[in-house]
Amino acid sequence: RGSGGVLNSITRSGTPQWHGALFEYFRNSKLDARNFFTPEPEPVPFKRNQFGGTLTGPVRAERTFFMLSFEALRDRLTETKIDFLPDVPARRGVITDAAGAVLQVVPVSPRVAPYLNIYPLPNSRSLGSGVGENRAQQFQPTNENFLTLRLDHKINDRDSLFGRYTFDDASSV
């Protein structure tokens, strides 16, 4: 019975004096613990950089001011993806336990075999019952750039006008 959320966005206005600020935030995998689900003894590679700044100042003395803000994110994340797929014996119709003992033999229809070949072969351990584990490292780079420009103009003591331009560009693979 509601129309959704309400978002209020407030930006700072420019000032008659020049002001600025810069920031940098850096994080990497050197302080991370190893993920419980990955077999590697060390944490997977990870780097994150967030940086940017703001600048405010006058355009026309005591009348027009600006505020410029820029923020960027560079994220270099690697994750271990785990999938469960039919193992090699299951593709031939032989269901085994984790030790390799045959539990059941099931005929595989020639019409089904091409579809089983679509799945990649497991590259890790066999879990039994025809299921094998596939582990793969996935690199997921992300780039974001966010820019805001605001202009404030004082028309008279009671009236003012402002305009804002926002640019947001992001890509993630």
Q: Hey, can you grab everything whose amide H is under 5 Å from the amide H of Val44? Only 5+ residues off in sequence or another chain; H modelled, so Pro and N-termini drop out.
A: Asn35
Q: Report the local net charge at Phe46: Lys and Arg +1, Asp and Glu -1, summed over other residues whose C-beta lies under 14 Å from its C-beta.
A: +2
**Q.** Dipole magnitude (debye, nearest 20) for the chain, charges at Cβ of Lys, Arg, Asp, Glu
**A.** 160 debye
Q: Any chance you could look up the accessible area of Ile118 with a 1.4 Å probe, heavy atoms only, rounded to 10 Å²?
A: 120 Å²
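Using just the Cα positions, wrap the chain in a convex hull and report its mean projected area in square nanometres, one decimal place.
19.0 nm²
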Q. How many nm is it between the label spots at Val59 and Lys154, if each spot is 7 Å from the Cα in line with the beta carbon?
A. 1.6 nm
**Q.** Fluctuation leader among Ala21, Ala136, Ala113 - the chain, Gaussian network, Cα springs under 10 angstrom
**A.** Ala113
Q: Rounded to the nearest 0.05, what FRET efficiency do Ala98 and His19 give with R0 = 45 Å and r taken as the Cβ-Cβ distance? Could you check?
A: 0.10
Q: In a Gaussian network model over the chain where Cα atoms closer than 10 Å are linked, find which of Asp75, Asp97, Asp157 has the largest mean-square fluctuation.
A: Asp157
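Just add up the charged neighbours of Gly130: K/R +1, D/E -1, any other residue whose Cβ is under 14 Å from the Cβ of Gly130.
Numbers: positive: Arg91, Arg92, Arg125; negative: Asp87, Asp97, Glu133.
Charge balance near Gly130 sits at 0.
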Q: Just add up the charged neighbours of Asn117: K/R +1, D/E -1, any other residue whose Cβ is under 15 Å from the Cβ of Asn117.
A: +2
Q: For Lys47, list the lysines whose Cα falls under 21 Å from its own Cα; do not include residues on the same chain fewer than 8 positions away.
A: Lys30, Lys81
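The values are calculated or read from the model by the stated rules, or taken from the named source; none is laboratory data. Predicted model, so just to flag it, every value in this text is computed and none were measured. As a convention, Cβ positions derive from the backbone with ideal geometry for all residues, glycine included, and neighbour counts pool all protein chains shown. When the accessible area is computed, the model is the full protein with side chains, heavy atoms only, and any ligands, DNA or RNA have been set aside. Shrake-Rupley method; radii C 1.70, N 1.55, O 1.52, S 1.80 Å.
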